Amino acid sequence: MMEKDVVIKAENVTKRFGERVILNGISLEVCRGETFVIMGGSGCGKSTLLRHLIGALPPDSGKVYLLGKDLASLNEDEMDRVKKKIGMCFQSAALFDSMTVGENVSLPLREHTRLETHVIETVVKMKLELVGLRGFEGLMPSQLSGGMRKRVGLARAIAMDPEIMFYDEPTAGLDPIVAGVIDKLILDLSKKLSITSVVVTHDMKSVFSIADRVAMLYEGKALAVGAPDEIKKSENPMVRQFISGSPDGPIRFFQQKDDYLEHLMK
Amino acid sequence: MIERIGGIIISAGRHTYRMLSLLSQTCFWIAVGPFKRKFPKPEGVFSQMVFAGVDSLIIAFFVALFTGIVIAMQSAYQLSRFGANIYVAPMVSIGLARELGPVLTSLVVAGRVGAAIAAELGTMKVTEQIEALETMALNPVRFLVVPRFLALVVMLPCLVVFSDIIGIFGGFLVGVFNLHLNPYRYITFSFQFMLWKDVWTGLVKSAVFAMVISMIGCYMGLNTKGGAEGVGKSTTSSVVTSFILIILFDCILTGIFYFAKQ
């Protein structure tokens with residue numbers, strides 16, 4: 001597994017929105033074929049980090065390498081070539097709601113390949129079969145449930161047979177069974193097709209069922225990186241608190257900066 | 001106070017710059033797309049043309065018809081004093097071809113199509129669909145803006161020709177049934193005084209208005225922020241901005257055509 005074929009590398013990535021520092025010098029490496037999970041509380045910058053890794057946001061400082069290429073140095077055509085090798089599964093599925101399920105899944109194939117229509121139709125059926133939705137090609141996204149939309153989004157993301165898959169909270173807002181199905185899909189894809197996966201989530205159950213390695217983010221920094229077992233045994237009180245979901249601990253739930261009493265009396 | 005005025009000017013300048021860069025990207029894709037095998041699919045452009053053009057026929061019909069009737073009645077009110085009722089005909093046809101046909105049709109289309117573009121792209125933006133396009137290596141300008149731009153630039157002048165004809169027909173109704181003019185003479189007079197210039201200046205205007213409507217709609221849509229409220233805001237501001245810019249460009253173009261003849 002760890003033959004050190006690094007496909008994603010972030011070096012000291014920093015990002016601020018206005019005054020707020022979102023990412024504070026994050027470095028990480030993801031190797032080919034592994035499932036790398038980024039976990040952390042809401043607002044800790046994990047979705048922002050994901051957007052940096054796919055080149056959707058440029059870092060203020062630091063570098064991101066994807067498939068060995070420095071994203072900042074690529075021109076538009078080179079960037080497009082890299083993007084065709086990655087797939088992204090969005091938190092809200094991000095299906096095009098003016099298109100049917102079939103058209104959504106076939107869109108990248110129709111735009112980027114010269115395949116015949118019947119070949120594309122076959123590929124669409126195969127991808128939808130993988131996510132258990134074959135036969136739903138003709139439906140519009142608005143006719144689907146949240147879980148089904150997410151699975152269609154996943155089918156669309158793997159339509160071009162990507163080398164790397166990115167998942168933004170794939171199981172958030174789904175019932176436990178669908179969440180389990182999605183976790184199994186992610187595992188299947190990475191084990192059977194040896195796709196590298198980067199998963200952003202705060203669902204502890206899926207973290208420990210799919211991850212080869214885990215990074216925990218807190219306040220724009222990577223607190224701990226390691227195999228799930230190491231993370232479980234971590235001495236770091238913040239990591240311990242996050243895993244146990246305890247309300248008391250070093251990670252403060254309160255975001256307020258001023259004194260409560262003073263504010264009330266004002 | 002001065003600070004605020006300065007701020008407004010700076011932000012207006014920034015929007016203008018970004019809108020022009022969107023326009024230049026659109027022109028780039030139209031010019032370069034065919035050679036890179038990246039021209040928008042004909043079906044996509046066609047469906048936008050149906051939406052922007054064919055579906056606007058009914059509303060353009062009513063606006064043009066009533067405008068024609070109104071110009072005929074208003075000019076008859078003046079011309080009848082000189083016993084020059086027959087001049088209602090060229091008044092209506094030239095007024096429509098030069099000015100009212102392009103401007104009123106464009107305003108209607110800005111309200112109908114421009115708002116729809118802003119709302120659609122705005123919703124796509126806030127639901128991550130634009131980002132999804134980008135991660136699939138599909139340029140949103142090429143994929144979303146170019147078909148809408150082309151469809152409007154082709155269809156709006158066509159709509160204007162249609163409106164001109166319907167408006168002349170509206171004037172004809174007043175001329176024949178109210179002013180009791182000879183129908184044959186009315187038609188002859190309508191076109192006798194009309195120059196080619198009257199028609200093509202109107203069509204050039206409408207093509208420019210089409211660019212304004214599609215660019216503003218797409219720009220506002222693609223720059224939407226913050227959920228449903230943001231979509232509402234960008235829809236409103238796309239209509240308001242289009243209206244102002246249509247009238248502004250109308251003034252500029254009319255000025256150019258007016259002084260160019262000398």
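A few remarks follow.
- In the set A:Gly87, A:Gly62, A:Gly55, only one residue is surrounded by 15 or more Cβ atoms within 10 Å (Cβ to Cβ), within 14 Å of another protein chain (Cβ to nearest Cβ) and in a strand (DSSP E or B); that residue is A:Gly87.
- Condition met for B:Arg18 (within 22 Å of the chain's Cα centre (by Cα) and among the charged types (D, E, K, R)): yes
- Residues of the range A:153-177 that turn out to be assigned to a loop (DSSP other than H, G, I, E, B) and either more than 15 Å from the chain's Cα centre (by Cα) or surrounded by fewer than 23 Cβ atoms within 10 Å (Cβ to Cβ) (or both), as a count: 11
- Scan of the range A:89-146 for residues that are touching a residue at least 60 places away in the same chain (Cβ under 8 Å) and on the phi > 0 side of the Ramachandran plot, ordered by number: A:Ala93
- Test: residue in the range B:105-126 that is buried (at least 19 other Cβ atoms within 10 Å of the Cβ), farther than 20 Å from B:Gly171 by Cβ, within 14 Å of another protein chain (Cβ to nearest Cβ) and without any contact (Cβ under 8 Å) to a residue 24 or more places away in the chain: no
- Residue within the range B:91-101 that is farther than 30 Å from B:Phe177 by Cβ, in a helix (DSSP H, G or I) and more than 14 Å from every other protein chain (Cβ to nearest Cβ) present: no
- Test: residue in the range B:137-151 that is touching a helix residue (DSSP H, G or I) at 6+ places or on another chain (Cβ under 6 Å) and farther than 22 Å from B:Leu222 by Cα: no
Per-residue answers, yes or no, for (1) without any contact (Cβ under 8 Å) to a residue 24 or more places away in the chain; (2) exposed (fewer than 12 other Cβ atoms within 10 Å of the Cβ); (3) in a helix (DSSP H, G or I); (4) among the hydrophobic types (A, V, I, L, M, F, W, C):
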| site | (1), (2), (3), (4) |
| --- | --- |
| B:Tyr17 | yes, yes, yes, no |
| B:Leu23 | no, no, yes, yes |
| B:Ala31 | yes, yes, yes, yes |
| B:Pro34 | yes, yes, yes, no |
| B:Gly44 | no, no, yes, no |
| B:Ile59 | no, no, yes, yes |
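- Screening A:Glu29 with (1) surrounded by 15 or more Cβ atoms within 10 Å (Cβ to Cβ); (2) over 28 Å from A:Gly173 (Cα atoms); (3) within 14 Å of another protein chain (Cβ to nearest Cβ) gives one miss only, at (3).
Every read-out reported here was derived from the displayed coordinates using simple, explicitly stated rules and does not represent laboratory data. Model, not experiment: these values are computed from the prediction. Please note: Cβ atoms are built from the backbone with ideal geometry, for glycine as well, and neighbour counts cover all protein chains shown.
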